[in-house]
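Since the structure comes first, as structure tokens, the remarks are kept for the end.
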Amino acid sequence: MTDTTRRLYLDLFEKVVTNVIYGDAPIPNVWVPEENFNPQLRENGVDWPSVAHSMVGLKRIRNVRECLERVIADGVPGDFIETGVWRGGVCILARAVLRAHDVEDRRVWVADSFEGIPDPGEDGHAMDKEMALHQRNDVLGVSMDTVRANFARYDLLDDQVRFLPGWFRDTLPTAPIEKLAVMRLDGDLYESTMDALVNLYPKLSPGGFVIIDDYCIPACRKAVEEFRDREGITDPVEAIDDYSVYWRRAG
């Protein structure tokens, strides 16, 4: 694949997984009651699409592509993982990047409960209980069969795609991942974010990227800040849009 062909393929791929091409109507919710497609909302990953395979928006999709292409170019060893995948669009894009660059020695790890957001329960973190996102699992819960079928739609369901079904606290400590080059956390909650950081960050190669989708959510941000303080991480946090951030591990 030539550089031009690769660029055109991935440019189109970004638009397809976010469905800015046909502009599907969003699913109204308490945070974004919009009922009509709004290109600006979709660009910034604000609405909940009714059809698109990703809700993160174009800016965050491009960030994933840029991080992956950077670690490939720089030879940073390791796989890609997303914790919290919804319909699978980000992971599908990640697999497409590997395919476009003829990368056959990296995997895409698809980690999700495939049931939605966990109920924090009485003993859960106070900020997680306040959000009560599990009450919207009618939209946020997507089965593994559906995600696998979405990969297959793009002809990208193969041995380089590995699924980790279950709650993060149960699956991530024993996940058979040796090294990571890019880890993208989209678990919304304090507990989900902390579970991912504690279990995955030690596997992140120097030069690898941490992407935090929900940094705008106070519970998620608190988990990130506590973890960085505890581990003495001073790598600068950079904004992707008004909602998400990332940093590159220096060492």
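When TRP247 is tested against (1) touching a residue at least 60 places away in the same chain (Cβ under 8 Å); (2) within 24 Å of VAL108 (Cα to Cα); (3) not in a helix (DSSP H, G or I), just one condition goes unmet, and that condition is (1). ARG162 falls short of the stated requirement of being open to solvent by less than 30 Å² (accessible area, probe 1.4 Å) and charged (D, E, K, R).
The residues on offer are GLU34, GLU115, GLU82, GLU69, and the sole one that is open to solvent by 10 Å² or more (accessible area, probe 1.4 Å) and outside any loop (DSSP other than H, G, I, E, B) is GLU69. For the range 6-25, the criterion of being at pLDDT 95 or above, over 25 Å from THR146 (Cβ atoms) and either part of a loop (DSSP other than H, G, I, E, B) or open to solvent by 80 Å² or more (accessible area, probe 1.4 Å) (or both) is satisfied by at least one residue.
Scanning the range 118-161 for residues that are outside any loop (DSSP other than H, G, I, E, B), more than 18 Å from GLY187 (Cβ to Cβ) and modelled with pLDDT of 95 or more yields ASP145, THR146, ARG148, ALA149, ASN150, PHE151, ALA152, ARG153, VAL161.
Residues in the range 85-94 that are open to solvent by 10 Å² or more (accessible area, probe 1.4 Å) and either of a type in the set (D, E, K, R) or more than 11 Å from ASP186 (Cβ to Cβ) (or both): ARG87 only. Just one of VAL224, VAL210 is among the hydrophobic types (A, V, I, L, M, F, W, C), assigned to a strand (DSSP E or B) and free of Cβ contacts under 8 Å to residues at least 40 places away in the same chain; which is it? Among VAL224, VAL210, only VAL210 is among the hydrophobic types (A, V, I, L, M, F, W, C), assigned to a strand (DSSP E or B) and free of Cβ contacts under 8 Å to residues at least 40 places away in the same chain.
GLU238 falls short on exactly one of the conditions (1) open to solvent by 20 Å² or more (accessible area, probe 1.4 Å); (2) in contact with a helix residue (DSSP H, G or I) (Cβ under 8 Å, 6 or more places away or on another chain), and that condition is (2).
Scanning the range 164-193 for residues that are of a type in the set (A, V, I, L, M) and either within 23 Å of LEU68 (Cα to Cα) or in contact with a Leu (Cβ under 6 Å, 6 or more places away or on another chain) (or both) yields LEU164, LEU172, ALA175, ILE177, LEU180, ALA181, VAL182, MET183, LEU185. Residue count for the range 44-66 satisfying the condition of being part of a helix (DSSP H, G or I) and either modelled with pLDDT under 95 or touching a strand residue (DSSP E or B) at 6+ places or on another chain (Cβ under 6 Å) (or both): 0.
Please find, within the range 177-207, the residue that is nearest to ASP235 (Cα to Cα) out of those that are in a loop (DSSP other than H, G, I, E, B) and modelled with pLDDT of 95 or more. Across the range 177-207, the extreme among qualifying residues is LYS179.
When you scan the range 167-188, do you find a residue that is surrounded by 17 or more Cβ atoms within 10 Å (Cβ to Cβ) and without any contact (Cβ under 8 Å) to a residue 12 or more places away in the chain, even just one? No; the residues of the range 167-188 include none that is surrounded by 17 or more Cβ atoms within 10 Å (Cβ to Cβ) and without any contact (Cβ under 8 Å) to a residue 12 or more places away in the chain.
Residue count for the range 206-233, restricted to those that are under 22 Å from GLU69 (Cβ atoms) and either buried (at least 17 other Cβ atoms within 10 Å of the Cβ) or touching a Phe, Trp or Tyr at 6+ places or on another chain (Cβ under 7 Å) (or both): 7.
The values are calculated or read from the model by the stated rules, or taken from the named source; none is laboratory data. Here the structure is a predicted model, which is why all the values come from computation and not from measurement. Quick reminder, even Gly has a Cβ in these numbers, built from the backbone with ideal geometry, and neighbours come from all protein chains shown. Heads up: the accessible areas ignore ligands, DNA and RNA and are worked out on the full protein's heavy atoms, side chains in. Shrake-Rupley method; radii C 1.70, N 1.55, O 1.52, S 1.80 Å.
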